[in-house]
Amino acid sequence: SYNSLKLSSVDFHNHIHSSTIDHVGADLNQLDTINKHFSNKPISLAISTHVLEHIIEPVNFLKNISSCLTNNGYIFIEVPDCSQDAFLDNLAVTNLVHGQHIHYYTKDSMTLLTQKAGLKIVKQQQLTTGNIPRLMLLLERSTTTESIVSQTIVNTAMSAIVRRFSKYQQYQSALFDAVQQSLKNNKKVGIWGIGGDFYLLTEFYPELIDAIKSDLILLYDYELSGHTYKGKNISSSIELANSNIPIYIIPTY
């Protein structure tokens, strides 16, 4: 029954701060430390959403969770979906490709991964929300004892990653062209959002730095206001309300 449910969160930081959910502090890359917490009360359902793409050794991660399951326990996994039949049209306006994502998964690679962890896929679903293609899997322990031979995965994440960067570079180019055109028609323009996408834009188009140094491009960012870039002040985005120059928003998406 609902009243008999016992919930636990496992993470390096206690984000939940709940009086009804136990927190187990753990490094998710060394998940073998959680076994003692669930030895007497094993897990019926483990839920891990958008974690596996951050894990150094995902097979070990899944093995450690599996060792804490009840005999008929399940693991629910959700990861960004880079399968060739996933919705990949708008990847450039998402954070699917991210510096903290060290793995990119497809249905084929997840199948091999779960097999190597001694698990099998009970159900699988592909879903897109917020332009992000998601792969959802329900896993249980496998009863087979056959060893899994390493194999080449034909349908890899490569096409999704290449498509993302190709489209992203198209957005960068269009943004640069728009800024250049505005500089021809106006004395100054503003750029709003000084972060990773801004850095990449100036790396691809270093002539923007010359315009910044010449005060032709003004910089705005709420959190970085008061700081400087290339010796030029970054103003608070609050000041945009009184601005009468063209403003370009970054990140691109």
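The values are calculated or read from the model by the stated rules, or taken from the named source; none is laboratory data. Values in this document were obtained by computation on a predicted structure and should not be read as measured data. Positions of Cβ are backbone-derived with ideal geometry, glycine not excepted, and every protein chain shown enters the neighbour counts. Only protein heavy atoms, including side chains, enter the accessible area calculation; ligands, DNA and RNA are left aside. Shrake-Rupley method; radii C 1.70, N 1.55, O 1.52, S 1.80 Å.
So which pairs qualify, if the first residue must be in segment 97-108 and assigned to a loop (DSSP other than H, G, I, E, B), the second must be crowded, with 17+ Cβ neighbours inside 10 Å, the Cβ gap must be under 6 Å, and the two must be at least 6 apart or on different chains?
Here the result reads Val97/Arg164; His101/Glu53; His103/Glu53; Tyr104/Cys82; Tyr104/Ala157; Thr106/Cys82; Thr106/Ser83; Thr106/Ala157, each pair linking segment 97-108 to a residue that is crowded, with 17+ Cβ neighbours inside 10 Å.
At pLDDT 95 or above and either in a helix (DSSP H, G or I) or over 17 Å from Gln124 (Cα atoms) (or both): does that describe Phe76?
No, not satisfied.
Quick check: is even one residue across segment 143-153 in a helix (DSSP H, G or I) and open to solvent by 60 Å² or more (accessible area, probe 1.4 Å)?
no
Has segment 38-46 got at least one residue that is within 30 Å of Gly196 (Cβ to Cβ), modelled with pLDDT under 95 and of a type outside the set (Ser, Thr, Tyr)?
no
How many residues, within segment 29-70, are of a type outside the set (D, E, K, R) and in contact with a strand residue (DSSP E or B) (Cβ under 7 Å, 6 or more places away or on another chain)?
18
Only one of these conditions is not met by Ser48: (1) open to solvent by less than 80 Å² (accessible area, probe 1.4 Å); (2) in a loop (DSSP other than H, G, I, E, B); (3) not β-branched (Val, Ile, Thr). Which number is it?
Exception for Ser48: condition (2).
Give, as residue ranges, the strands (runs of 3 or more DSSP E) completely inside segment 173-253 that count at least 1 residues that are open to solvent by 90 Å² or more (accessible area, probe 1.4 Å).
Answer list for segment 173-253: 189-192, 232-235, 247-249.
Applying the selection to segment 75-114, what residues are surrounded by 19 or more Cβ atoms within 10 Å (Cβ to Cβ), hydroxyl-bearing (Ser, Thr, Tyr) and touching a strand residue (DSSP E or B) at 6+ places or on another chain (Cβ under 9 Å)?
Ser83, Tyr104, Tyr105, Thr106, Thr114
If I go through segment 17-31 residue by residue, how many of them are surrounded by 14 or more Cβ atoms within 10 Å (Cβ to Cβ) and touching a residue at least 24 places away in the same chain (Cβ under 8 Å)?
Residues in segment 17-31 being surrounded by 14 or more Cβ atoms within 10 Å (Cβ to Cβ) and touching a residue at least 24 places away in the same chain (Cβ under 8 Å): 2 in total.
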